[in-house]
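These notes are about the structure you will find just below.
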Amino acid sequence: MSTSRFDNLPDAQGFFGRFGGQYIPPELKQVMDEIHAAYEEIRVRDDFQQELAELFADYVGRPSPIFHARRLSEKLGGAQIHLKREDLNHTGAHKINHCLGEALLAKFMGKTKVIAETGAGQHGVALATACALVGIPCEIHMGQVDIEKEHPNVTKMKILGCKLVAVTRGTATLKDAVDSAFEEYLKDPQNYIYAIGSVVGPHPFPKMVRDFQSIIGREAREQFQARHGRLPDHVTACVGGGSNAIGMFTAFLDDESVHLVGVEPAGEGLETQRHSATLTLGKPGEIHGMACYVLEDEQGNPMPVHSIASGLDYPGVGPQHSYLKELGRVDYECATDAECLDAFLTLSRVEGIIPALESAHAVAWAMRVAPTLPKDQHILINLSGRGDKDADYVAEKLGL
Ligand SMILES: *Cc1c(COP(=O)(O)O)cnc(C)c1O
């Protein structure tokens with residue numbers, strides 16, 4: 001067996017180095033430990049793994065293909081660009097991978113309600129979908145600002161039969177939705193389960209969500225190897241909470257030749273207060289039950305954050321990313337709203353693929369560096385989702 005230095009993370013207390021853990025009241029710690037025990041139990045069971053594998057294949061449509069973006073590569077005149085097509089998954093993004101896992105776990109534990117927050121609405125739709133499939137009531141909390149911006153996803157959640165709670169406090173975006181959903185969860189944590197939408201929150205969520213998402217990198221590594229007889233030189237993904245990125249990176253952590261790059265939203269610029277570049281400009285702290293990099297104001301409160309991509313505007317970030325940054329195994333770079341819009345339109349017009357604004361951040365980084373690299377180098381981008389949800393917003397913004 002491999003003796004990777006990444007194999008045993010997190011430790012038994014849920015720590016990745018000094019990040020992660022459970023910064024929660026004792027009552028909740030007990031509930032989280034129960035969830036962890038249930039997860040450890042089903043994780044190694046053949047029937048669970050088989051059910052999940054069947055759903056990945058027949059329901060999600062896995063494996064998602066890797067597409068060689070030849071026209072984009074030619075246009076940029078440097079490295080070859082490849083896209084891992086998570087946008088082709090049922091519901092249009094990577095989130096369905098962990099939502100199915102969480103819904104099956106909820107069913108196994110006999111929970112009566114699944115609660116969650118959503119930013120772009122992708123987690124909400126994916127979770128409402130998984131809960132419909134598994135047959136569990138589902139309640140989604142969403143910021144009013146995001147509700148207005150992400151109308152198609154809001155409609156889908158209603159159709160899928162979940163209860164939608166509009167959150168108007170604070171900046172009425174993702175962080176406030178998290179707070180609101182958490183309050184509802186605290187009313188009965190024995191019978192409810194909080195299905196966290198990324199690799200964040202208290203242990204065991206950063207670990208479980210990573211495990212469910214790691215199918216992305218396992219597939220991608222094998223597909224790329226089979227097609228090209230080698231591994232990619234650079235692998236990149238956008239980072240909000242960090243689930244699609246860690247899902248992609250996990251299989252490559254031991255491949256020292258592979259340069260891993262997470263791309264954070266620089267919003268209107270790192271010099272403004274209007275960004276969400278947590279790993280780039282934040283510092284170690286605590287938020288939502290975990291230790292991780294955090295963007296804070298002078299008083300130590302979470303900063304109001306901004307990104308053109310609703311799914312990326314979060315003032316914390318996954319503890320494993322915080323750890324990988326300090327270890328130097330993954331580089332974290334940024335792309336602005338403007339670069340993201342440019343990448344969105346370019347990928348649409350050169351390859352006929354409309355990416356999610358979130359995913360467009362990773363495309364933007366690749367577009368920036370590809371021209372500086374030789375033609376025989378390969379960049380693999382995790383295209384985390386499709387841009388249908390963003391089409392009207394972008395068209396209006398660009399006056400199309
Ligand atoms: C939610 C979302 C993200 C951001 O979440 P991570 O946990 O950082 O992956 C990225 N891309 C898409 C398409 C999303 O819906």
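Readers should treat all values here as calculations from the given coordinates under stated rules, not as data from a laboratory. Owing to the predicted nature of the structure, the values given are computational and were not obtained by experimental measurement. Counting neighbours? That spans all protein chains shown, and the Cβs are built from the backbone with ideal geometry, glycine included.
Residues within the reach of a label modelled at GLU286 (point 7 angstrom out along Cα to beta-carbon, backbone nitrogen below 13 Å), restricted to the range 16-35, are 19-26, 29.
Among the listed pairs LYS111/LYS207; LYS29/LYS158; LYS75/LYS397; LYS75/LYS149; LYS375/LYS397, those whose Cα-Cα separation exceeds 30 Å are LYS29/LYS158; LYS75/LYS149; LYS375/LYS397.
Using C-alpha pairs under 8 Å with a sequence gap of at least 6, the mean separation divided by the residue count of the range 28-171 gives a relative contact order of 16 percent.
Taking a point 7 Å out from the Cα of LYS397 in the direction of its Cβ, the residues of the range 137-163 whose backbone N falls within less than 14 Å of it are 146, 149-151. Between SER4 and GLU148, the modelled labels are 4.4 nm apart [label points 7 Å from Cα along Cα→Cβ].
Each of LYS375, LYS207, LYS75 was scored by other Cβ atoms within 10 Å of its Cβ. Listed from fewest to most, they are LYS375, LYS75, LYS207. Each residue of the range 144-154 is assigned a 3J(HN,Hα), and the resulting list reads 4, 4, 5, 4, 6, 7, 10, 4, x, 5, 4 Hz, derived from the Karplus form 6.51 cos²θ - 1.76 cosθ + 1.60 (θ = phi - 60°), x at Gly and Pro. Think of the chain as having a plus end and a minus end, set by charges on the Cβ of Lys, Arg, Asp and Glu; of ALA338, SER4, PHE67, PHE67 sits farthest toward the positive end of this dipole.
Loop-resident trypsin sites (Lys or Arg not before Pro) (DSSP state other than H, G, I, E or B) in the range 1-53 with no more than 14 further Cβ atoms inside 10 Å of their Cβ: ARG5, ARG18, ARG45.
Each of LEU345 and ASP388 was given a label point 7 Å from its Cα along the Cα-to-Cβ line. The distance between the two points is 2.4 nm. Each part gets one Cα centre, and for the range 359-378 versus the range 88-121 those centres are 32 Å apart. With the alpha-carbon atoms of the range 1-58 aligned to their principal axes, the span from lowest to highest coordinate is 39, 32, 17 Å, starting with the largest.
Potential lengthening of the chain between GLU41 and ALA338 amounts to 102.3 nm, from the contour at 0.36 nm per residue minus the alpha-carbon distance.
Near the amide H of GLY385, within less than 5 Å, lie the amide hydrogens of ASP87, ALA356, SER359, all on another chain or at least 5 residues away, with H placed in the peptide plane.
Decide, for the chain, between rounded, prolate and oblate: order the square roots of the alpha carbon gyration tensor eigenvalues as a ≥ b ≥ c, take rounded if a/c falls under 1.5, and otherwise choose prolate if a/b is larger than b/c, else oblate. Taking the square roots of the gyration eigenvalues as a ≥ b ≥ c, the chain is rounded. Shape class for the range 227-279, computed from the alpha carbon gyration tensor (a ≥ b ≥ c): prolate, with a/c not under 1.5 and a/b above b/c. Absence of a disulfide-compatible partner, taken as no other cysteine beta carbon within less than 4.7 angstrom, is noted in the chain for CYS99, CYS238, CYS292, CYS334, CYS340. Under the simplified labelling scheme, the GLU326-GLU183 pair shows an inter-label distance of 3.3 nm, with each label point 7 Å from Cα along Cα→Cβ.
Report the normalised scattering of the range 266-400 as log10 I(q)/I(0) at q = 0.22 Å⁻¹, calculated by the Debye formula with identical scatterers on the alpha carbons. The Debye formula, applied to the Cα set alone, gives -1.33.
The alpha-carbon atoms of the range 1-142 define a convex hull whose volume equals 187 cubic angstrom per residue.
Roughly what % of DSSP beta bridges within the chain run antiparallel, to the nearest 5? It would help to have the intermediate numbers written out before the result.
Details: 14 of 48 bridges.
Antiparallel: roughly 30 percent of the beta bridges in the chain.
What separates the Cα centres of the range 245-317 and the range 23-49 is a distance of 26 Å.
Remark: the ARG18-ALA132 segment gains 37.3 nm on full extension, using 0.36 nm per residue and subtracting the alpha carbon distance.
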